[in-house]
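Each remark here refers to the structure printed beneath this line.
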Amino acid sequence: MSKRIKVISKTLPKIVSTSKMLRKIEPEKVSGALGAKEVFEIDTDRNIGSISGIALRMEIVEKIKSTGGRPSITFADGEKKIPISDENWETLKVMANFFTESIGSKSKKVTPTHLASIILDNITAQFRNNPERLKNELGIK
């Protein structure tokens, strides 16, 4: 049976890396070695993390399908109305345009509602998969 470790000090000592920095590898070398068909730069100074942006893009490609008509979300059971500020709606419109451009497909135009639905689905899925995590973060016992 495992034993719980009890930390009695107020703060833990700072961990300092003594590793040497690795040299930068040019994107062209990596893409060539991996046989990449598509190469794009990621602005890591933005608030959205590069990994989450790429993951969201992959989900958009996977979850927005067109069967000849207007593209729709594959997991949606219906439509609900939720209140949203004009500022957030404008932000979603800009983001949707970015994702549409990055996908590069005329048949997959990402709309603000598609994007909002996928983001909301991700957040609620995290809760469904681990409700205790949210309770812990909120300090609920």
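Restricting attention to region 73-91, the residues that are among the small types (Gly, Ala, Ser) and under 15 Å from Ile119 (Cα atoms) total 1.
For every residue, the table says whether it meets (1) closer than 21 Å to Ala55 by Cα; (2) under 19 Å from the mean Cα position of the chain (by Cα).
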site: Thr67; (1), (2): no, no
site: Pro71; (1), (2): yes, no
site: Phe99; (1), (2): yes, yes
site: Ile103; (1), (2): yes, yes
site: Pro112; (1), (2): yes, yes
site: Leu120; (1), (2): yes, yes
site: Glu132; (1), (2): no, no
site: Gly139; (1), (2): no, no
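Filtering Asp121, Asp77 for residues that are among the acidic types (Asp, Glu) and in a helix (DSSP H, G or I) leaves a single hit, Asp121.
Any read-out appearing in this document is the output of simple, stated calculations on the displayed coordinates, not a laboratory observation. What you see is a predicted model; the values in this text were computed from it and never measured.
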